[in-house]
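Undergrad: Got a structure for you, written out below as structure tokens; questions coming shortly.
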Amino acid sequence: MFNLIAQIYPEHDAGALTREVIAAFWPEGGARRQRPRKPSNNLWSERDALVITYGNSILDGSHKPLDLLLDFVEARLKGAVNGVHILPFFPYTSDDGFAVTDYYKVDAALGDWPDIQRIGKEVMLMSDMVLNHVSSQGTWFNDYRQGRAPYDKFFKEALPTDDLSDVVRPRTTPLLREVDTSMGPRHVWCTFSHDQVDLDFHNPEVLLEILRILRFHIDQGVRIIRLDAVAFVWKKIGSPSIHLPQTHAIVKLMRVLADFAQEKVILLTETNVPKAENLSYFGRRDEAHMVYNFPLPPLVLHALLSGNTRYLRRWLRSMPPAPLGCAYFNFSASHDGIGMRPVEGILPPDEVGHIINTVQTSGGLVSMRALPGGGQSVYEINCGYFDAMSRTFAGEEAKKIERFLCSQTVVMSLEGIPAFYIHSLLATPNDHEAAARRGMNRAINRHRWHYPALQEKLDDPDSDQARVLSEMTRRLKIRAKQSGFHPNATQLTLQMDDRVLGVWRQSLDRQQSIFALHNVSDETIELDSYALNLIDDEHWHDLLTGEAIETDGVIPLAPYQCRWITNTV
């Protein structure tokens with residue numbers, strides 16, 4: 001810890017600052033481990049799967065939304081999902097929670113800390129540490145403008161004359177915002193929006209306060225901490241101000257604290273960037289426990305819309321196994337759009353163009369980002385993942401549900417921990433009205449369900465919502481019993497028909513093999529079972545259908561069918 005603090009703050013007394021860091025994370029001498037938790041594969045298992053949701057994705061006008069969320073999880077997801085990522089549930093002013101005004105409070109419209117604690121007792125609770133920025137209308141920034149210590153030095157300032165041409169950003173708004181303060185006019189750094197003002201981690205007091213907040217959230221029952229927009233936290237004039245060495249050192253420092261915590265705390269970095277940059281946050285098994293598998297959503301989308309796994313398969317083959325003590329966080333959809341930056345250098349521009357044109361035809365939207373030195377490029381596609389499967393590149397609209405279920409089964413099959421946005425589980429259609437009313441593309445995928453109306457849909461076996469949720473939970477319950485789907489179980493990408501994504505998973509004890517096959521096309525395919533190299537003297541069957549599989553026969557795959565062929569029950 002001392003060396004990391006000395007690296008981050010070379011001009012400060014590293015010994016004194018180390019003591020302050022310990023006091024911030026363990027106030028009043030709180031109990032901690034005598035030795036750090038060593039990297040292992042024991043922090044998670046095949047039973048782990050999460051739902052991603054806003055605290056108010058389900059409403060009824062009379063009950064607290066957090067209570068409704070817990071009711072939904074217990075009534076509809078039990079045995080299928082054992083973790084919940086509640087997106088920022090703090091008071092906020094914009095960006096649906098990511099402009100926080102007070103990290104120590106729960107948004108009163110959702111509930112209060114006892115409601116959060118109840119959820120944390122029932123499931124593995126994940127929450128956001130929005131550590132790059134805070135609301136421009138919060139107490140911290142108001143105190144900054146009034147020149148009140150310590151907040152007078154909490155925010156990153158720059159001059160319009162500074163060289164900021166290389167700064168990497170996910171937005172097109174001006175980087176600097178001029179504000180009046182008691183010290184005179186100042187220009188503050190705003191990576192995301194002018195209501196989200198960036199903190200200045202050059203000031204160690206900022207880091208100490210963030211660590212106090214982390215401890216408070218852990219005490220409320222949070223066990224997975226999502227480090228939102230962490231790549232941007234350290235700024236340096238004249239640099240891209242992303243992934244700087246101090247940023248990695250801050251994550252490493254948090255990992256040290258997590259490893260000494262008595263609670264099993266998992267750090268997840270949110271870095272929507274190309275592969276090498278994203279994987280760098282594993283460090284040498286000393287940074288994040290988990291990283292988002294950001295290329296997965298656009299690559300799975302491309303495979304199902306094109307009917308071809310070539311690019312998805314090539315990427316999978318290039319992905320290294322997660323290091324010991326680390327895991328991938330697999331998902332296809334989130335509260336944000338389908339990010340396109342992660343497939344830079346993976347998908348050719350014309351294939352990206354095919355995706356955008358097809359999804360736009362299905363009612364999706366597109367958001368842009370500013371390029372260093374000027375210009376714009378596509379940052380993300382805004383569309384519910386269910387509606388993104390409305391048609392293929394060829395214009396085929398039939399079998400939408402089968403196509404969608406295939407996409408989600410890919411996420412279940414791969415190395416890592418799967419997570420599913422609530423609107424994917426519920427086959428929620430695009431909310432064009434919300435996007436237009438709020439003037440925000442991302443609102444298209446942030447629908448708020450009226451709980452009685454949702455219950456009615458889920459009780460109707462012919463509705464899209466019931467069909468999708470029923471089959472998703474069925475597959476997840478099967479998955480949770482297979483040691484071959486442990487997040488760190490061996491994975492090998494199989495070479496087969498381009499219309500089929502095949503992966504071989506083997507349990508850590510080598511007792512179970514699973515051949516996960518996914519037909520991403522609208523054609524019936526017959527595979528020679530010899531291609532899977534099934535061991536002759538073992539009994540093989542499909543976990544999803546219960547069918548016996550012959551070692552010397554043909555394995556048929558209907559359009560968009562998935563099979564989990566295994567040698568154990």
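The values are calculated or read from the model by the stated rules, or taken from the named source; none is laboratory data. Predicted model, so just to flag it, every value in this text is computed and none were measured. Quick reminder, even Gly has a Cβ in these numbers, built from the backbone with ideal geometry, and neighbours come from all protein chains shown. Just the protein is used for accessible areas: all its heavy atoms, side chains included, with ligands, DNA and RNA removed. Shrake-Rupley method; radii C 1.70, N 1.55, O 1.52, S 1.80 Å.
Undergrad: Please go through the range 191-207 and give me each residue that is closer than 16 Å to Val100 by Cα, outside any strand (DSSP E or B) and open to solvent by less than 10 Å² (accessible area, probe 1.4 Å), ordered by number.
TA: Correct list: Thr191, Val206.
Undergrad: Would the range 121-137 turn up any residue that is within 26 Å of Leu267 (Cβ to Cβ), of a type outside the set (Val, Ile, Thr), open to solvent by 60 Å² or more (accessible area, probe 1.4 Å) and outside any strand (DSSP E or B)?
TA: Yes, the range 121-137 contains at least one residue that is within 26 Å of Leu267 (Cβ to Cβ), of a type outside the set (Val, Ile, Thr), open to solvent by 60 Å² or more (accessible area, probe 1.4 Å) and outside any strand (DSSP E or B).
Undergrad: Cβ contacts < 9 Å: first residue within 24 Å of Arg310 (Cα to Cα) and part of a helix (DSSP H, G or I), restricted to the range 280-298; second residue open to solvent by 10 Å² or more (accessible area, probe 1.4 Å) and polar (S, T, N, Q), any location; separation 6+ or different chain. Result?
TA: What qualifies is Pro297/Ser334.
Undergrad: I would also like to ask the following. Go through the range 9-48 and give me each residue that's over 19 Å from Glu263 (Cα atoms) and in contact with a His (Cβ under 9 Å, 6 or more places away or on another chain).
TA: Within the range 9-48, Tyr9, Glu46 meet the criteria.
Undergrad: Separate question: Looking at Tyr281, Tyr328, which is the one that is touching a helix residue (DSSP H, G or I) at 6+ places or on another chain (Cβ under 7 Å) and closer than 30 Å to Met1 by Cα?
TA: Exactly one residue qualifies, and that residue is Tyr281.
Undergrad: A follow-up question, please. From the list Arg177, Arg169, which one is touching a residue at least 60 places away in the same chain (Cβ under 8 Å) and within 25 Å of Phe90 (Cα to Cα)?
TA: Arg169
Undergrad: Being within 16 Å of Lys275 (Cα to Cα) and either within 10 Å of the chain's Cα centre (by Cα) or among the hydroxyl-bearing types (Ser, Thr, Tyr) (or both) is the filter; apply it to the range 308-331 and report the residue that is most open to solvent (accessible area, probe 1.4 Å).
TA: Ser318
Undergrad: For the subset of the range 161-190 comprising residues that are more than 18 Å from Tyr379 (Cα to Cα) and of a type in the set (Val, Ile, Thr), which member is most open to solvent (accessible area, probe 1.4 Å)?
TA: For the range 161-190, the residue satisfying everything is Thr161.
Undergrad: For the range 421-442, how many residues are outside any helix (DSSP H, G or I) and either open to solvent by 10 Å² or more (accessible area, probe 1.4 Å) or out of contact with any strand residue (DSSP E or B) (no Cβ under 6 Å at 6 or more places or on another chain) (or both)?
TA: 8
Undergrad: Looking at the range 1-48 only, could you name the residues that are outside any loop (DSSP other than H, G, I, E, B), in contact with a Ser or Thr (Cβ under 8 Å, 6 or more places away or on another chain) and open to solvent by less than 50 Å² (accessible area, probe 1.4 Å)?
TA: Ile5
Undergrad: Now for a separate question. For Arg403, work out the one condition from (1) assigned to a loop (DSSP other than H, G, I, E, B); (2) among the basic types (Lys, Arg); (3) open to solvent by less than 10 Å² (accessible area, probe 1.4 Å) it doesn't fulfil.
TA: It fails just one condition, (1).
Undergrad: Among the strands (runs of 3 or more DSSP E) contained in the range 523-569, which hold 2 or more residues that are free of Cβ contacts under 8 Å to residues at least 60 places away in the same chain and surrounded by fewer than 17 Cβ atoms within 10 Å (Cβ to Cβ)?
TA: 525-528, 554-557
Undergrad: In this structure, is Ile346 in a helix (DSSP H, G or I) and surrounded by fewer than 23 Cβ atoms within 10 Å (Cβ to Cβ)?
TA: It is false that Ile346 is in a helix (DSSP H, G or I) and surrounded by fewer than 23 Cβ atoms within 10 Å (Cβ to Cβ).
Undergrad: Right, here's the next one. Are any residues in the range 262-272 out of contact with any helix residue (DSSP H, G or I) (no Cβ under 7 Å at 6 or more places or on another chain) and either open to solvent by less than 10 Å² (accessible area, probe 1.4 Å) or closer than 25 Å to Pro295 by Cα (or both), and if so, which ones?
TA: Listed by number, the residues that qualify are Ile266, Leu268.
Undergrad: Consider Asp387 carefully, then state whether it is touching a residue at least 12 places away in the same chain (Cβ under 8 Å), under 25 Å from Thr428 (Cβ atoms) and not in a helix (DSSP H, G or I).
TA: No; evaluated as a whole, the condition is false for this residue.
Condition check ((1) surrounded by fewer than 23 Cβ atoms within 10 Å (Cβ to Cβ); (2) at negative phi; (3) not aliphatic (A, V, I, L, M)) across all residues:
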{"site": "Arg223", "(1), (2), (3)": "yes, yes, yes"}
{"site": "Leu227", "(1), (2), (3)": "no, yes, no"}
{"site": "His243", "(1), (2), (3)": "yes, no, yes"}
{"site": "Lys252", "(1), (2), (3)": "yes, yes, yes"}
{"site": "Ala258", "(1), (2), (3)": "yes, yes, no"}
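Undergrad: Continuing with this model, one more query. Going through the range 90-127 one residue at a time, which ones are touching a Pro at 6+ places or on another chain (Cβ under 9 Å), within 19 Å of Arg223 (Cβ to Cβ) and among the hydrophobic types (A, V, I, L, M, F, W, C)?
TA: Selection gives Val106 alone.
Undergrad: Got a number for residues in the range 470-519 being of a type in the set (Phe, Trp, Tyr) and open to solvent by 10 Å² or more (accessible area, probe 1.4 Å)?
TA: Matching residues across the range 470-519 total 2.
Undergrad: Return the pair list, or none, for Cβ contacts closer than 7 Å from residues in the range 250-278 that are in a helix (DSSP H, G or I) to residues that are crowded, with 21+ Cβ neighbours inside 10 Å and of a type in the set (D, E, K, R), at least 6 apart or on different chains.
TA: The qualifying pairs are Val251/Glu287; Lys252/Glu287; Arg255/Glu287.
Undergrad: Here's a follow-up. Would you confirm whether any residue within the range 113-130 is more than 24 Å from the chain's Cα centre (by Cα) and charged (D, E, K, R)?
TA: no
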